[in-house]
1. Please name whichever of Leu52, Trp173, Thr26 sits farthest to the positive end of the charge dipole of the chain, dipole taken about the Cα centre and charges placed at Cβ: Lys and Arg +1, Asp and Glu -1.
2. With N residues in segment 82-181, what two-decimal value do you get for its Cα radius of gyration over 2.2 N^0.38 Å?
3. Run the helix sum for the chain: -39,500 (n - 2.57) per DSSP H stretch of 4+ residues, divided by residue count, reported at 222 nm to the nearest 500 deg cm²/dmol.
4. Just to confirm my numbers, what's the Cα centroid distance between segment 116-181 and segment 58-72 in Å?
5. Can you give the FRET efficiency for Glu121 and Lys151, using 1/(1 + (r/R0)^6), R0 = 35 Å, r = Cβ-Cβ distance, to the nearest 0.05?
6. Suppose we look only past 17 Å in the calculated P(r) of segment 108-157. What percent of the Cα-Cα pairs does that tail hold?
7. Helices from the chain with mean Kyte-Doolittle at least 1.0 and a Cα length along the axis of 27 Å or more, per DSSP H: which?
8. Which length gain, in nm to one decimal place, applies between Thr162 and Lys103 when the Cα-Cα distance is subtracted from 0.36 nm times their residue separation?
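The values are calculated or read from the model by the stated rules, or taken from the named source; none is laboratory data. Bear in mind that the values here come from a model prediction, so they are computed numbers and not experimental data. Note: ideal-geometry Cβ built from the backbone for every residue, glycine included; neighbour counts use all protein chains shown. With ligands, DNA and RNA removed, areas are computed over all heavy atoms of the protein, side chains included. Shrake-Rupley method; radii C 1.70, N 1.55, O 1.52, S 1.80 Å.
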Amino acid sequence: LDAVRVRVFNECYRTVTALTLHASLTHLCGNVAFGSLFLTLLARLTGVGRALWLTLIGGALGNALTVLLRPRPVLSMGFSTALFASIGAISGYMACQQQGKRKAMLPVAAAAALLAMLGTEGENTDYAAHLAGLGCGLALGAFEGWRLRSKRAGLGQWWAATAAALLVAMAWWWAFAAISN
């Protein structure tokens, strides 16, 4: 994710493609390990297709928010923004299911604790992106919880999974088209 290229050249596809790139095998394996854990937990709440969609769109929105809020040029890559979006979606969903503000804050506090434990270590850690992913996921999860509680229609599981896959495919198509021009 090159913040300058997104801002100046409107290469918005980078907010999605950056989620699929990793700096090393260790980086990839860490994201796969934690991602599979939190995606599984989110899928138990929302279904597999919706979990994939919420995680991917939360990660992309987190990257976009990071670009908007950062005053300086930054390069970043990896699925961890989406990973924290899935953590945020779990906590937002669970908070929306609770009765009373005090109980609703517990899942949010747990998500903040996970961010502090998992999202702040390492010299190349993009803390702002992790925080933005968590915030976007929190909002998406709360909306998902409200939608289900109020019995509002949403994308079905297959449609949500297809939309997630198409978003990644279209972002990469746009990236390759930009390179060839």
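1. Farthest along the dipole direction, towards plus: Leu52.
2. Ratio of Rg to 2.2 N^0.38 Å for segment 82-181: 1.31.
3. -25500 deg cm²/dmol
4. Centre-to-centre distance over Cα atoms comes out at 12 Å.
5. About 0.25, to the nearest 0.05.
6. 47 percent
7. Those that clear 27 Å and a mean of 1.0 are 25-46, 48-69, 157-180.
8. Net length gain for the segment: 17.8 nm.
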